[in-house]
């Protein structure tokens, strides 16, 4: 029997939740009249939300509302825009358990992880709220007498914010918060499977005092909503997090209109262990980085490239750690490993596990579905993996970790770089020369030495190669996407 975490009465909402679009300051159904349902991934028979299946008309209305609101919002003093975000963060903090509960029920991750995501969102929003008051330019000397030169940052206009399902509150706020702080207006399209969290974000902004038309929510498919947003002539910037395939499509459409994009896409992140005796400490860092959110993170470690002499002790330590996971409903306070997000994702992981066995890899942990209902899959580890195997090269986006043994540090770096992706990588070594080579030669946007692939709330987040296009999100680099630069020359009267 599931042991439920004690929650305030207000959280125990009757399901399913009925979700609407939010356009021009009003909650409205889709003009299509169509809806879809979202089930609890831990209890697939339980419907969490009924949401609109929006169409082109809904999307156009949302963009037009954001366009009308832009003039007033962009002329609102920047510190006042920041105040809205500070209020949002305070309300979210007051509702953190309620929001985390919804996140777990809809997305599946254990409540402890959901609370962690909510807390990270609060920290990031507060940082960006302060940045609204720091959107400064600079003054430059002129080559000519009597001339002054300065630069100023201005908002772009309407921003399309398209977010994924794996982090359904922190990732949208990485887009919405800096866009609003800079004076842009936003049309927000959440992933359909986490539409209820998208609506919760809007509810909190409403409570914080959101102005009409500044932030709009449209729920629907990529074809019916996302493509229309990306191609809309009034949209002046597109920020997207998701697969590289979809990101590439967005990039092509946006390029035809000469519209700037910020794309955060896939990863096949590696951890190197070489000249490092404390295998237990490395495993302590790697396992959570590999299996948090059931491996459904773009920064998940999915490959370990290890010095061959350390292979046996690594396998032993990993097997012990993975066996300690308790799989189940994330509302059970004993559960440490939740379901995958959908049947489709479950099927994908199972296909890759079968492929790994066919390619000749050795299964040393997991590899099976778990439970009688819900989308559960065991944390899985393969050894005897070669760098050419598909399970070592392709993004699985699930709880599958591969181990590739090597004899030479240079070979390890070559394997790390032998992928189309370039998001994150870790290296565990006591050899400073190896650490320097890793930092210099590995082709990823974020490098971690002797720690896992954990990002922080004030530090730029992004990648290289097929993992990202455009300025990094989070931190000081957000202004490079969400604002344009003007240069102003002034002469004597």
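Readers should treat all values here as calculations from the given coordinates under stated rules, not as data from a laboratory. Worth saying up front: this structure is predicted, and the values here are computed from it rather than measured. Neighbour counts run over all protein chains shown; Cβ positions are idealised from the backbone, glycine included.
Based on alpha carbons, the Rg and Dmax found for region 269-457 are 15.7, 50 Å.
Restricted to Cα atoms, region 331-412 shows a radius of gyration and a Dmax of 14.2, 46 angstrom. Each DSSP beta bridge with both residues in region 269-457 is either parallel or antiparallel, and the antiparallel ones are about 20%.
Percent of Cα pairs in region 201-331 per distance bin of 10 Å, from zero to the largest separation: 10, 26, 23, 20, 16, 5, 0. Multiplying the residue separation of residue 212 and residue 476 by 0.36 nm and subtracting their alpha-carbon distance yields 92.2 nm.
What angle, in degrees between 0 and 90 and rounded to the nearest 10, separates the Cα long axis of helix 78-94 from the longest principal axis of the Cα atoms of the chain? Approximately 40 degrees, to the nearest ten. When the helices of the chain are scored as -39500 (n - 2.57) per DSSP H run of n ≥ 4 and the total is divided over every residue, the value at 222 nm lands at -11500 deg cm²/dmol.
If you wrap a convex hull around the C-alpha atoms of the chain and split its volume per residue, what is the figure in Å³? Write out the running numbers ahead of the final one.
Working: hull volume 76.1 nm³, N = 493.
Convex hull volume per residue, Cα atoms: 154 Å³.
Which order do 341, 287 fall in if you start with the one that has the fewest other Cβ atoms within 10 Å?
Numbers: 341 26, 287 22.
With the fewest neighbours first, 341, 287 line up as 287, 341.
Compared with the dominant principal axis of the Cα atoms in the chain, helix 170-181 is inclined by about 20°.
Under 15 Å from a label point 7 Å along Cα→Cβ of residue 249: give me every residue in region 154-174 with its amide N that close. Answer for this model: 162-164. Can you give the angle from 0 to 90° between the axis of helix 343-359 and the longest principal axis of the chain, with both taken from C-alpha atoms, to the nearest 10? Helix 343-359 sits roughly 40 degrees off the main axis of the chain. Taking other C-beta atoms within 10 angstrom as a stand-in for reagent exposure, 273, 128 fall in the order 273, 128, fewest first. Working from label points 7 Å from Cα in the Cα-to-Cβ sense, the residue 90 to residue 15 distance is 3.3 nm.
What is the ratio of the Cα radius of gyration of region 1-144 to 2.2 N^0.38 Å, with N the residue count, to two decimals? Kindly include the intermediate steps, with their values, before the conclusion.
Values: Rg = 20.4 Å, N = 144, 2.2 N^0.38 = 14.5 Å.
In units of the globular-protein estimate, region 1-144 measures up at 1.40.
Listed by Cβ neighbour count within 10 Å, with the fewest neighbours leading, 430, 493, 268 appear as 493, 430, 268.
The three principal axes of the Cα atoms in region 44-98 give end-to-end lengths of 49, 36, 8 Å, sorted in falling order. The length gained on full extension between residue 414 and residue 394, counted as 0.36 nm times the residue separation minus their Cα-Cα distance, comes to 5.6 nm.
Considering only DSSP beta bridges where both residues belong to the chain, give the percentage that are antiparallel (nearest 5). Can you show the working numbers first?
On the way: 31 of 73 bridges.
Among the beta bridges of the chain, antiparallel pairing accounts for roughly 40 percent.
Considering only region 1-151, what is the antiparallel percent among its DSSP beta bridges, to the nearest 5? If I count the DSSP bridges inside region 1-151, around 85 percent turn out antiparallel.
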